[in-house]
Every structure is written in structure tokens, then in C-alpha cells.
Amino acid sequence: MKVAAFTRWLAFPPLAAPPATLVLRIMAGSVFLWEGCMKFAFVNQGVGRFTKLGMPFPVQTAHFVASLEIVGGILILLGLATRPIAIAFIAEMVVAMLSTKIGIFLGTSPLPPPPAPPISGIWAVLHEIRSEWAQLAVSLFLLLEGPGPLALDARLKSPAPSSDRGIQTMHGLSAPSARQ
């Protein structure tokens, strides 16, 4: 029963997010899309970067991440399968931050250092993490609030039967009582 409620929550996001959510989707979706394209187009952004970072199976990992960013970026732009893609992007951004920013903090990164001081330490990390942080925050917003009414997800009607209390309570709304 809980799996069914979670699946419905995931598949049928709320329609209450403001129409301006489209701006967030355009920002995040387009950045993921072009970053994915760059991983294929420029070796130093894809396979080369993943190799320097010591990622396992760097070719396959880089191609998987690039494909996820391209397909997921398009889906975010369309507002389709928003919640599942947001979960994947949240995980990706956490991995990206942990795999690249710890080395910057310690001054041991195998990647080229930032172009201007600070090149290591907390201030360097805070400066260099800004893109991942923004993408993580928007993905979290889309997971929790949905894609907004100007999305393909909004065109899908939620079946949300009144007997399914799980879907209403997962978004912080109380389920209607049987007497209403």
C-alpha cells in the first residue's frame, strides 16, 4: 500500500506550484541539457574529467551521466516525469559536489585549479560549488512542489482516489475524512 502511494506521489505531482515554476524548469533543464551535450562534445568535460577524478568505468560513467543530463534536461524543460528526474538530478549533484569539491577544499584536486584566488579551502569551494548548488536546489524544489501548471505533467490527471490517504499526506495535506 505504501509503495502504491509513493508511486502515485511520484507519478502525479501537485498542480499547486506557481506558473513561474516554468522559469526554474527552463534554467535547470537547459543547464543539464547543455552540460550533457558538452560531456560528449569535449573530452575534458566528459571521459577525461571522469578519468582524472578516478571514477570507475570512466567512459561508461561519463556517457551515462551525459545521457541522463540530455534526456533529463529535455524532460525537465517539458515538465514530464519531473519528480523521477528530479530525484536522479539530486543524486547526481550530490555525487558531483562530493567528487570534485573535497579535492578543491584540500588543495588536492586532480582537476585544474580555479582560475583566480582562492584556489583551495572553503572560499574556493563556496565559489566553485555555485552551479551544482543551484541545480540541486531547483531539483529539490521540483521534487517537492511539482513542475507547475505549465507542464506536461500537469496535463496528466491524478487518479488520487479519496480512499488513498497516502498521496494526500505525502505532500503535507490532510486526507479528507469519509464524512466529507
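A few notes on this one:
- Sub-7 Å Cβ pairs linking a first residue in the stretch 37-66 that is without any contact (Cβ under 8 Å) to a residue 12 or more places away in the chain and surrounded by 13 or more Cβ atoms within 10 Å (Cβ to Cβ) to a second residue that is basic (Lys, Arg) and part of a helix (DSSP H, G or I), at least 6 apart or interchain, are Gln45/Lys39, ordered by first then second residue.
- Test for Thr21: is it free of Cβ contacts under 8 Å to residues at least 24 places away in the same chain and either of a type in the set (Val, Ile, Thr) or under 18 Å from Leu136 (Cβ atoms) (or both): no
- Screening the stretch 16-56 for residues that are in contact with a Ser or Thr (Cβ under 7 Å, 6 or more places away or on another chain) and outside any helix (DSSP H, G or I) and picking the one that is nearest to Leu80 (Cα to Cα) gives Met55.
- Residue check, Pro84 in a loop (DSSP other than H, G, I, E, B) and surrounded by fewer than 17 Cβ atoms within 10 Å (Cβ to Cβ): no
- In summary, Ser109 fulfils each of the numbered conditions (1) polar (S, T, N, Q); (2) buried (at least 17 other Cβ atoms within 10 Å of the Cβ); (3) modelled with pLDDT of 95 or more with the single exception of condition (3).
A quick yes/no check of all residues on (1) buried (at least 17 other Cβ atoms within 10 Å of the Cβ); (2) farther than 28 Å from Pro56 by Cα; (3) at pLDDT 95 or above:
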| site | (1), (2), (3) |
| --- | --- |
| Leu77 | yes, yes, yes |
| Ile119 | no, no, no |
| Glu128 | yes, no, no |
| Leu142 | yes, yes, yes |
| His171 | no, yes, no |
| Gln180 | no, yes, no |
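- The set of residues from the stretch 18-30 being over 12 Å from the mean Cα position of the chain (by Cα) and either of a type in the set (D, E, K, R) or modelled with pLDDT under 90 (or both) is empty.
- Meets criteria (surrounded by fewer than 16 Cβ atoms within 10 Å (Cβ to Cβ) and either modelled with pLDDT under 95 or in a helix (DSSP H, G or I) (or both)) for Pro115: yes
- Single condition Phe89 does not satisfy, out of (1) surrounded by 14 or more Cβ atoms within 10 Å (Cβ to Cβ); (2) part of a helix (DSSP H, G or I); (3) without any contact (Cβ under 8 Å) to a residue 60 or more places away in the chain: (3)
The values are calculated or read from the model by the stated rules, or taken from the named source; none is laboratory data. Just so it is clear, the model here is predicted, and its values are computed rather than measured. Positions of Cβ are generated from backbone atoms using ideal geometry, with glycine treated the same way; all protein chains shown enter the neighbour counts.
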